[in-house]
Amino acid sequence: MLAVRKFLSNSRLAVATRNKPMTEQEAKSRAIKETEYCYVLASAWSGAANDSICLERIYVKGGCEEIRLAWWKGGNQVNRPADIDAPDWIPLFATALKQGVFTAEEQLGMLKSLMQ
């Protein structure tokens with residue numbers, strides 16, 4: 001545990017960061033999917049793609065980047081809360097980390113928060 005804390009506190013730790021907010025043009029070029037509302041930049045699914053709960057990094061058109069927990073059924077986003085139990089949340093979150101839903105800087109921040 002001490003080694004992890006020392007590693008996290010190292011000021012020379014190289015983490016990919018973005019000095020300025022993403023532009024809509026950048027989001028459009030990186031998008032894996034586009035909707036009327038947003039550009040989907042990365043996604044992780046709890047089951048079948050477009051037919052389960054997912055965590056997504058999105059760029060809201062004319063706005064900013066957000067993380068969205070959404071429920072999709074039959075290829076359409078359901079306009080209801082996305083409920084997921086804790087045992088299913090853990091693999092979804094792990095997949096989201098691998099799929100780039102969270103930036104390296106965000107991941108480091110989460111890890112630091114857990115270590116406090």
Given the conditions (1) exposed (fewer than 14 other Cβ atoms within 10 Å of the Cβ); (2) without any contact (Cβ under 8 Å) to a residue 24 or more places away in the chain; (3) of a type outside the set (A, V, I, L, M, F, W, C); (4) in contact with a Ser or Thr (Cβ under 9 Å, 6 or more places away or on another chain), which single one is not true for residue 116? (4)
Positions within segment 46-59 being touching a Phe, Trp or Tyr at 6+ places or on another chain (Cβ under 8 Å) and closer than 16 Å to residue 85 by Cβ, in sequence order: 52, 53, 54, 55
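One line per residue, one yes/no per condition, for (1) modelled with pLDDT under 95; (2) more than 18 Å from residue 105 (Cβ to Cβ):
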| position | (1), (2) |
| --- | --- |
| 39 | no, yes |
| 48 | yes, yes |
| 57 | no, no |
| 60 | no, yes |
| 73 | yes, yes |
Mind checking which residues of segment 57-108 are closer than 28 Å to residue 23 by Cβ and β-branched (Val, Ile, Thr)? 58, 60, 67, 95, 101, 103
Mind listing just one residue for me: the one in segment 84-103 that is loosely packed, with under 13 Cβ neighbours inside 10 Å and touching a residue at least 12 places away in the same chain (Cβ under 8 Å) and, of those, farthest from the chain's Cα centre (by Cα)? 91
Take residue 69 and decide whether it is without any contact (Cβ under 8 Å) to a residue 24 or more places away in the chain and in a strand (DSSP E or B). yes
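The values are calculated or read from the model by the stated rules, or taken from the named source; none is laboratory data. Keep in mind that what you see is a predicted model, and the values were worked out from it rather than measured. Ideal geometry is used to build each Cβ from the backbone, glycine not excepted, and the neighbour counts take in all protein chains shown.
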